[in-house]
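Here is the structure we will look at, set down as structure tokens.
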There are 2 protein chains.
Amino acid sequence: MARAATTSDPFNAVAEPRRRQILTFLAGNEHDVTEIVVAVGLDQPSVSKHLGVLRRVGLVRVRRNGRHRLYRTNAQALKPMHDWTESFERFWHHQLQSVKERAERTQAKIDRSGPSRP
Amino acid sequence: MARAATTSDPFNAVAEPRRRQILTFLAGNEHDVTEIVVAVGLDQPSVSKHLGVLRRVGLVRVRRNGRHRLYRTNAQALKPMHDWTESFERFWHHQLQSVKERAERTQAKIDRSGPSRP
DNA sequence: TTGACATATTCCCATATAAGAATGTATTGT
DNA sequence: ACAATACATTCTTATATGGGAATATGTCAA
């Protein structure tokens, strides 16, 4: 069996680099499909399929305007990912702190050993 | 072609729910493989394979202790994901703000229309 | 050395995709 | 109504897994 469907899991939907690229492009401003095609350098059907995935997991919203469809990133749908990664924040702080302290101890040792000589 | 290899992209490595589960379990405390097997309810070979993926992308570190291998989450490797999602933070704030303002306008309209009646 | 225990690796298979090509479907302008 | 424009969908195919089973590797204890 393979992993959970990209169509139901934001983590999986975002695992595809092109889709991240699209989400970044659509953050802030609406764009129609043709503009997205130009921006990401993929053919139109591929873009439409990626947009379909993003739409099904709620990562983008669509609005119709004549024969154009205007897409934009629904940033709120990324908040769960942000929250999940954030739950590790205190650990990477710990680790960075450890590295820093070790470096300081090492430096102190060097200092105590007196001036370096050729 | 399929997506970027799970072995080279942290986003993709984390797309698998079991691996997220493992990372959460290994955050803060070291655990050997048998403990992980019990914690996530998978068979040992599957766990070892997931750990292999996580190790190759740097999301976990290993330390050998006798015949045991102690794994722990390398939280720092999650920071890029945190940063990426965070770049959308101002947009979801905007959107939440819009929702809030619309609600307030609606409420004001209701208030102006006078007390409700049966 | 032998055996038990802890892990990793390999092989096989079913499934999920992503890209590419071709085709279908609206919607607008004339 | 008709052609053109803008997208979506379907079909096919090559590839990447994830799980299960079996097996290999490594390390400690007696």
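Test A:R18 against the criterion of being more than 7 Å from DNA strand C (Cβ to nearest atom), open to solvent by 80 Å² or more (accessible area, probe 1.4 Å) and within 17 Å of the chain's Cα centre (by Cα), and give yes or no. Judged against the criteria, A:R18 is not a match. A single entry from A:S113, A:S98, A:S87 fulfils the requirement of being modelled with pLDDT under 95 and within 14 Å of another protein chain (Cβ to nearest Cβ): A:S98.
State which residue is farthest from A:F11 (Cα to Cα) when the search covers only the range A:22-32 and only residues that are outside any loop (DSSP other than H, G, I, E, B) and open to solvent by 30 Å² or more (accessible area, probe 1.4 Å). Give the steps one after another, and end with the answer.
First, pick out the residues of the range A:22-32 that are outside any loop (DSSP other than H, G, I, E, B): A:22-25, A:31-32.
In the following step, the residues that additionally are open to solvent by 30 Å² or more (accessible area, probe 1.4 Å) were identified as A:24-25, A:31.
On the way: A:T24: 15, A:F25: 18, A:H31: 23 Å.
Among those residues, the one meeting the criterion is A:H31.
Take the conditions buried (at least 18 other Cβ atoms within 10 Å of the Cβ) and within 8 Å of DNA strand C (Cβ to nearest atom) and apply them to A:V53. Does it pass? Reasoning before the result, please.
Values: buried (at least 18 other Cβ atoms within 10 Å of the Cβ): yes; within 8 Å of DNA strand C (Cβ to nearest atom): yes.
Answer is yes for this residue.
Note on the range B:70-83: among residues that are out of contact with any Leu (no Cβ under 9 Å at 6 or more places or on another chain) and either of a type in the set (D, E, K, R) or surrounded by 13 or more Cβ atoms within 10 Å (Cβ to Cβ) (or both), the one that is farthest from the other protein chains (Cβ to nearest Cβ) is B:L70. If you filter the range A:35-54 down to residues that are without any contact (Cβ under 8 Å) to a residue 12 or more places away in the chain and more than 14 Å from chain B (Cβ to nearest Cβ), you find that the one that is farthest from DNA strand D (Cβ to nearest atom) is A:G41.
The values are calculated or read from the model by the stated rules, or taken from the named source; none is laboratory data. These numbers were taken from a predicted model, which means no experiment stands behind them. So basically every Cβ, Gly included, is an ideal-geometry build from the backbone, and we count neighbours across all protein chains shown. Accessible surface areas use protein heavy atoms only, side chains included; no ligands, DNA or RNA. Shrake-Rupley method; radii C 1.70, N 1.55, O 1.52, S 1.80 Å.
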